[in-house]
Structures are given as structure tokens and as C-alpha cells.
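In what follows, a structure is listed as C-alpha cells, so that the remarks can point back to it.
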Amino acid sequence: MTPITTGLMNRNWRLDTTSASVAVKEIIDADAAQSAFQHRVTMALAEAGLPIPCPRLTTDGRSVLTLQGRSFSVVPWVRGRHLPGRTWNVEQCRCAGTLLGRIHLTLAAILPDGLAPIRPRLPHLAEAQADLDRYETLLRGREPGDAFDRLACARLDARRALLERFGHLRPDDSTELEPAGYVHGDFHHLNVLWDDGGGQVVAVVDWDRLGRRAYAYELARATAVMFAAPSGALDVTRVTAFASAYRTVVAVTDEQVVSAVRCLWWDQLCDLWHLRRRYVRSDTSCDHLFASSCALLQWWSDHLSVVEQAFIVR
């Protein structure tokens, strides 16, 4: 039994036995019913020919085993490599973009009840500013605090400046985003496994966030996670390769893509989920993502038109 250290939200192990090697997950970020639903969907995706590991079932046919209040699932171990998104060449970006498009279309066929436009629930400027006020008050009560507390104070000041500068650009949330349906929910390089040669994706894993979203919203979120440098700069060449390949599979207009990209940017401008996870849930597992997330938001805000253009270039 070997712990897997690349995951953030769940606990995972590789288990080698005399008959097989499997990945064991203790499910922390979803309940048993959600996981069982996800497993039914991933089995259908695999049956449709997509590279999705199928869960192993218990002797009585369950895909989730609950022991003493803790839930576990098991899938076959897939031989493959995680490759950082910024190391992908253009052809790999196209391959992954095409695969994401195939996943969305297959999910639409499996779960047609999810095919309806989505009206985004975007935070208002006053809500975002009130959130900043709450965390600033909390951090003042922790002074002098630790290194993360001091970083958070500095980043809150920077976030307030961004909101003051760009608050007038809040997207119109009376317009629905489409096309939309069920999506992976967390598609990025840490959930994609490549073969040894890096020419083909052999598995897409971690379906804990399976749910309904605008397709272009997931497309944009994936690029933000995969193709941002530690400095915050997005690699627009890779963004364009990934997005243009995706759009050869899924019909999304330029206007629909830009609307979703702008909504994602506003969501991230207003969201302080790293701080919520640390200070409300006492979970420090994502602290290391905070600085790079802030850097990306700063760069993205300074280059709004460049980012949006990258999604519509063919």
C-alpha cells in the first residue's frame, strides 16, 4: 500500500496485490450518494469508448464501500504520467481539447436531462467587498500572524484595488450561458494521465465535481489551471490550441465563449475560496495555491482582451 501524494481533496493509495494493482480513494469531498452517481456515469463513459477508469464493485454490487462512517472507492490502476500543462506541446493541447469536447458530448447523450442553459449566479460588487471586510477583520485579530496571514493581508489589499478598478465590468447575469450540460467539473493536468510517449491520454480521473455547467465555462477554467505560469501569465498559444480543438467537436459561438470566460474571470475576482478553506474549514491543504491564483487574477485582469481573444482565434 503506497500513499498517492498528488491529490488535494481526497486521500488516495496505490494497492498492489498478487492479482492486480488498484487505486483506493477515501472519499472526503463528496458524499456516498454523489459518488455512486458519478460511478454510474463514468461506467457509461467508459462503455462509450472514453479513457475513464471504471470503479470496481463489491460482491453485492456497490461502487462505494462505507466503513465506520468513512467512504471508499476502488478503480484499476492505470499506467500513465501526469504532465504539467505548461509542458504540453501544441499537439498535446489539441488532443486534450478534443477529448474534453468528446466528454461533453458523451455526457450530453448519457444525461440529456441536464441539457438546459444555465443562468450564472454572479456575486455583486458589494458582496465581494463585504467578503474582503470580513477576512480583513479576521486577520487583524490574528496579528502578527504567520507567513500565510501576512500574505493574505497583502493579497486582500490587492484584491480590493482590482475590484475598485474593474467593478464596472461585472457581467450581465440576466443572460443565460449555453450550451450547457453535465461536465467533469475539474478537468486539468493533474486529472489527466498520458501514455509513456505523451502522445495519447490514457485516463481522465477524479470525477468528484461532476455537475451541470456551461461547457465554455469548464473550457475556460481548465485553461486557467493548466496554462498559467507561477508569475500569473497565461500561455495564450496553448490556450488557443486547446480551445480551438475543443470547438471543432462542440459547437460554441464566439459570443458564448467570451461570455463564459468573462463570467469565470468575475467569479475568480470575487472568490476567496482559499481563505474560506483555511480560516473557516481549518483546512490548509490548498494554501500553496493561493499566491499563484492571485498572480493569475492580476495578470488576467490586466490582459482581459488578450485572454478572450485567445479563445476565439481559429
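The values are calculated or read from the model by the stated rules, or taken from the named source; none is laboratory data. Given the structure is predicted, the values throughout are model-derived calculations rather than measurements. FYI the Cβ positions are ideal-geometry reconstructions off the backbone, even for glycines, and counts take in every protein chain you see. For accessibility, only protein heavy atoms count, side chains too; no ligands or nucleic acids. Shrake-Rupley method; radii C 1.70, N 1.55, O 1.52, S 1.80 Å.
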Work out the FRET efficiency for ALA161 and HIS288 from their Cβ-Cβ distance, taking R0 = 30 Å, and round it to the nearest 0.05. 0.80
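About its Cα centre, how strong a charge dipole does the chain have in debye, to the nearest 20, once Lys and Arg get +1 and Asp and Glu get -1 at the Cβ? Let's see the in-between values first.
On the way: 35 positive and 36 negative charges, 86 e Å.
Dipole about the Cα centre, nearest 20: 420 debye.
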Whole-number accessible area per residue in Å² for segment 219-312, which is evaluated in the context of all protein chains at 1.4 Å: 36 Å²
When all C-alpha to C-alpha distances in segment 185-314 are sorted into bins of 5 Å, what percent of pairs does each bin hold, rounded to whole numbers? 2, 10, 17, 23, 21, 16, 8, 3, 1
Any trypsin sites (Lys or Arg not before Pro) in segment 57-94 that lie in a DSSP loop and have at most 15 other Cβ atoms within 10 Å would be ARG62, ARG79
Using a probe radius of 1.4 Å on heavy atoms only, what accessible surface per residue do you get for segment 1-59? Whole Å² is fine. 56 Å²
Distance cut-off 23 Å, percentage of C-alpha pairs in the chain lying past it: 61 percent
Mind pulling the angle between the C-alpha long axis of helix 290-302 and the longest principal axis of the chain? Nearest 10 degrees, somewhere in 0 to 90. 60 degrees
Mind giving me the nanometre distance, one decimal, between the label points for ARG70 and ALA46, set 7 Å out from Cα along Cα→Cβ? 2.4 nm
Would you please name the GluC sites (Glu not before Pro) within segment 93-197 that are DSSP coil residues with at most 16 other C-beta atoms within 10 Å of their C-beta? GLU176
Calculate what fraction, in whole %, of the accessible area of the chain sits on carbon and sulfur atoms when a 1.4 Å probe is rolled over the protein chains. 53 percent
In square angstrom, what is the accessible area per residue of segment 127-174 with a 1.4 angstrom probe? 57 Å²
Dimensionless Rg over Rh [segment 32-177; C-alpha; Kirkwood]: 1.09
